[in-house]
Amino acid sequence: MIEWLSNLDLPFIGTLKHHGVDIVASTITAILITLAVYLGTKIWKLISWIRQYFKRIDKVSKEIERKNNNGLLSEGDGIWVAEPINHLNNYQPNMNGSKILSVANLKGGVGKTTISANIASCLSELLNEGNNEADKKPVLLIDLDFQGTLAGMAKTNKRIWPPKKFHSSHATKLISGDLTAHHLVDLHFPAKERELVEIIPAYYELAQAENRLMIEWLLGDRKKDLRYNLAEILHDPLVQNKYSLIIIDCPPRLTTAAMQALCASTHLLIPTILDPASSNAVASFVNQIENLRDSNICPHIQHIGVVGSMLLQTQNYEAIKQELKDLLNLSRDAGGAGGATSLIEDAFIPRYTAIANAYSKGIIYPIRDDDGDIANNINTAFEDLSRKIISRMGLQLG
Ligand SMILES: Nc1ncnc2c1ncn2[C@@H]1O[C@H](COP(=O)(O)OP(=O)(O)OP(=O)(O)O)[C@@H](O)[C@H]1O
Ligand SMILES: [Mg+2]
């Protein structure tokens with residue numbers, strides 16, 4: 001080798017050889033060659049990285065690209081279905097034993113949070129009725145709306161909500177995959193005066209975290225499939241054993257967190273106000289859910305139904321109910337829900353100022369210190385809906 005190096009026809013080698021210092025010349029040549037190989041590898045890596053980077057950008061651009069329909073540019077299927085499903089570590093959603101209910105509608109202000117919190121309280125009582133203290137299992141209530149309305153309403157412990165400066169909310173940790181199943185079952189954030197309802201609160205930084213996670217995922221910087229972060233944690237046997245039920249209050253948008261909720265959930269409840277605009281919103285939402293199911297993104301989710309919310313006692317809703325039912329049965333191509341879900345007929349939530357005024361006082365169900373008609377009606381409404389959920393989800397009563 002030394003012989004070979006010293007035979008190379010490099011000018012300074014000749015000078016060194018001339019001075020009889022062959023070994024020094026060979027060593028310098030060896031160092032130069034090593035350096036050249038090292039730099040070559042680095043440059044090759046840089047070129048590969050740049051090529052990879054532009055390939056990813058190209059892929060992401062294609063995924064969000066609009067489609068040309070006879071000269072009309074229309075939005076594509078959306079990023080959530082564009083990426084193929086990638087279950088790393090052979091993770092497959094374990095839907096059989098799971099009991100996870102998403103309460104969702106892309107229309108805002110229809111009572112999702114109010115219903116989530118109050119059915120959580122009602123179900124925590126019904127599912128534990130007759131159980132010994134030691135056998136009682138809480139209901140886990142997860143807030144996935146960055147507005148944090150649920151956490152504000154249920155009045156969880158002030159020390160965790162709002163989160164301290166520079167700290168993330170637990171909802172953010174959960175959807176980022178920064179909270180393991182072990183961590184989750186160690187948390188204990190009961191709602192005010194509702195020991196059997198435990199809360200995972202959200203806060204405004206969740207919105208930024210959702211954008212970050214989505215972009216990281218699209219650029220291929222995250223090894224795991226972002227859509228199944230929540231599913232992987234919530235389907236863990238530790239989590240399934242600790243809670244009698246998990247309820248997720250979804251935001252009125254198809255955000256990163258909402259996608260994770262749908263991919264983790266076994267069941268879906270859609271609250272709606274009964275008016276024509278809201279009926280169309282329900283049909284369009286169900287259509288999007290069915291597209292996700294068809295794309296195999298959340299094929300396991302089952303519809304519990306559409307529940308009327310904020311119904312005035314004095315108003316007759318028969319005509320609008322019929323319109324909604326027709327729209328739910330109309331084919332998806334014609335803008336309907338294709339019969340994928342139905343209106344829950346014998347349970348609805350009435351509109352009472354007592355419900356609106358209770359915000360920030362804690363979860364109202366059950367109203368115990370008032371035997372008036374209003375309190376009875378509110379309690380009965382949440383109980384009727386909860387019993388429907390128990391039978392449609394096949395939950396075991398305590
Ligand atoms: N049954 C009801 N009777 C009277 N007011 C109600 C009732 N349900 C909800 N509200 C009030 O309506 C408003 C919206 O309710 P809520 O926050 O539950 O809706 P949401 O669908 O979760 O809203 P968002 O889409 O913003 O998350 C709140 O002020 C709430 O107090
Ligand atoms: Mg809400």
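Roughly how big is the chain's charge dipole about its Cα centre, with Cβ charges of +1 (Lys, Arg) and -1 (Asp, Glu), in debye to the nearest 20?
Values: 40 positive and 43 negative charges, 205 e Å.
So the dipole magnitude of the chain works out to roughly 980 debye.
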For the stretch 39-47, Karplus-derived ³J(HN,Hα) couplings (6.51, -1.76, 1.60; θ = phi - 60°; whole Hz; x for glycine and proline) come out as 5, x, 4, 4, 5, 5, 5, 5, 4
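On a full-extension model of 0.36 nm per residue, what is the gain between LYS192 and LEU330, subtracting their alpha-carbon distance, rounded to one decimal in nm? Walk me through the numbers before you get to the answer.
Working: separation 138, 0.36 × 138 = 49.68 nm, distance 4.34 nm.
Here the segment from LYS192 to LEU330 would lengthen by 45.3 nm.
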Between the Cα axis of helix 112-126 and the main Cα principal axis of the chain, the angle (0 to 90°, nearest 10) is 70
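Just rank LEU328, LEU123, fewest to most, by other beta-carbon atoms within 10 angstrom. Walk me through the numbers on the way to the answer.
On the way: LEU328 22, LEU123 28.
In order of increasing Cβ crowding within 10 Å: LEU328, LEU123.
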Charge dipole of the chain built from unit charges on the beta carbon (Lys, Arg +1; Asp, Glu -1), centred at mean Cα; most positive-end Cα among SER121, ILE199, ILE23 is ILE23
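Which whole-number percent gives the relative contact order of the chain, counting Cα pairs below 8 Å spaced six or more residues apart? Before the final figure, lay out the partial values.
Numbers: 638 pairs, mean separation 79.8, N = 398.
Over the chain, the number comes to 20 percent.
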Of the listed pairs LYS136/LYS224; LYS67/LYS112; LYS107/LYS136; LYS224/LYS388; LYS192/LYS388, those with alpha carbons more than 28 Å apart are LYS136/LYS224; LYS67/LYS112; LYS107/LYS136; LYS224/LYS388
So the compactness index of the chain, its C-alpha Rg divided by 2.2 N^0.38 Å, takes the value 1.36
Of all DSSP beta bridges with both partners in the chain, the antiparallel percent, nearest 5, is 15
Given pairs LYS59/LYS165; LYS155/LYS242; LYS155/LYS325 and cut-off 32 Å on Cα-Cα distance, the over-length ones are LYS59/LYS165; LYS155/LYS325
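Roughly what percent of Cα-Cα pairs across the stretch 50-168 reach past 20 Å?
69
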Given backbone amide H placed at 1.01 Å from N, residues whose amide H is under 5 Å from that of LEU274, ignoring those fewer than 5 places away on the same chain, are SER309
Taking r as the C-beta separation of ILE23 and TYR53 and R0 as 51 Å, the FRET efficiency to the nearest 0.05 is 0.70
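Which value, in debye to the nearest 20, describes the size of the charge dipole of the stretch 267-398 about its Cα centre when Lys and Arg Cβ atoms bear +1, Asp and Glu Cβ atoms bear -1, and nothing else is charged?
Numbers: 10 positive and 15 negative charges, 70 e Å.
Here the stretch 267-398 has a charge dipole of around 340 debye.
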Of the residues ASN69, GLY130, SER48, the Cα lying farthest along the dipole of the stretch 31-151 towards its positive end, which is defined by charges on the beta carbon of Lys, Arg, Asp and Glu, belongs to SER48
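No value in this document is a laboratory result; all are computed from the given coordinates. None of these values were measured; they are calculated from a predicted model. Glycine gets a Cβ as well: all are built from the backbone with ideal geometry, and neighbour counts include every protein chain shown.
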